[in-house]
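The values are calculated or read from the model by the stated rules, or taken from the named source; none is laboratory data. Only a predicted model underlies this, so the values are computations on that prediction, with no experimental measurement involved. Don't worry about glycine lacking a Cβ; one is built from the backbone with ideal geometry, like all the others, and counts go over all protein chains shown.
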């Protein structure tokens with residue numbers, strides 16, 4: 001039997017985000033009442049306008065995000081976005097503003113897969129603690145690059161330390177063509193499962209990142 005596991009946060013005003021970014025805004029461009037006044041007969045419709053910085057919610061980073069010559073969101077192949085998945089439980093090492101250890105990767109075969117790092121930090125979504133998350137340090141990012149996963153996902157605000165302006169995980173992974181998904185949730189459901197990971201954004205030209213409805217297909 002096939003099961004679908006939602007791994008995404010809901011996009012709504014007030015969600016956790018980088019504090020330097022404007023808040024997400026969702027409003028009615030037309031309400032049902034407006035539509036009734038615009039000539040619709042025996043029916044009405046709602047037209048919604050959403051404004052946001054594209055690095056918000058559960059989102060995917062394309063290489064262009066940290067590589068000026070890299071592929072943008074619209075240039076990604078679907079084969080890069082639908083992948084065999086693996087969850088790595090790193091909760092024992094997850095601490096506020098602390099690096100994850102390279103040794104957590106020992107013995108893994110992640111070539112061509114979506115490797116999802118389960119820190120458990122999504123439980124702090126909407127709380128100030130969410131901004132003080134564990135992160136992938138340079139040494140771990142360098143090891144990941146050599147292991148050739150197709151994608152690395154995290155259940156934290158960002159894969160890097162926000163205190164490190166060199167952003168080594170973003171730089172090393174994206175410039176190697178390894179995609180990144182941030183702000184995942186629900187990874188605990190996949191700890192002992194074989195699954196396909198899906199994270200497909202809208203096909204937007206020149207976008208460096210974009211929200212996705214990330215989910216797992218568990219057979």
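Only one of 199, 189, 169 is touching a strand residue (DSSP E or B) at 6+ places or on another chain (Cβ under 7 Å), farther than 16 Å from residue 108 by Cβ and surrounded by 23 or more Cβ atoms within 10 Å (Cβ to Cβ). Can you tell me which?
Just a single option satisfies the conditions, and that option is 199.
Would you point out the residue of the stretch 74-84, among those that are closer than 15 Å to residue 214 by Cα and touching a residue at least 60 places away in the same chain (Cβ under 8 Å), that is surrounded by the fewest Cβ atoms within 10 Å (Cβ to Cβ)?
My answer is 78.
State whether the residues of the stretch 1-14 include one that is under 14 Å from the mean Cα position of the chain (by Cα), part of a loop (DSSP other than H, G, I, E, B) and closer than 23 Å to residue 171 by Cβ.
No, because not a single residue in the stretch 1-14 is under 14 Å from the mean Cα position of the chain (by Cα), part of a loop (DSSP other than H, G, I, E, B) and closer than 23 Å to residue 171 by Cβ.
Would you mention how many residues in the stretch 95-112 are touching a residue at least 40 places away in the same chain (Cβ under 8 Å), touching a strand residue (DSSP E or B) at 6+ places or on another chain (Cβ under 9 Å) and either surrounded by 14 or more Cβ atoms within 10 Å (Cβ to Cβ) or not assigned by TED's automatic domain parsing to the domain that holds residue 156 (or both)?
Total satisfying the criteria: 3.
Which number in (1) at pLDDT below 95; (2) touching a helix residue (DSSP H, G or I) at 6+ places or on another chain (Cβ under 6 Å) marks the one condition that residue 176 misses?
Evaluating residue 176 over (1) at pLDDT below 95; (2) touching a helix residue (DSSP H, G or I) at 6+ places or on another chain (Cβ under 6 Å) leaves (1) as the failure.
Could you please find all residues in the stretch 11-56 being within 25 Å of residue 120 (Cβ to Cβ), out of contact with any helix residue (DSSP H, G or I) (no Cβ under 9 Å at 6 or more places or on another chain) and loosely packed, with under 10 Cβ neighbours inside 10 Å?
12, 14
Looking at 216, 169, 205, which one is at pLDDT 95 or above, touching a helix residue (DSSP H, G or I) at 6+ places or on another chain (Cβ under 6 Å) and part of a strand (DSSP E or B)?
None of the others qualify; the one that does is 216.
Quick check: is even one residue across the stretch 145-157 in contact (Cβ under 8 Å) with a residue 12 or more places away in the chain, under 16 Å from residue 95 (Cα atoms) and surrounded by fewer than 23 Cβ atoms within 10 Å (Cβ to Cβ)?
yes
Which one is surrounded by the most Cβ atoms within 10 Å (Cβ to Cβ) among residues in the stretch 120-144 that are assigned to a loop (DSSP other than H, G, I, E, B) and modelled with pLDDT of 95 or more?
Selected residue: 136.
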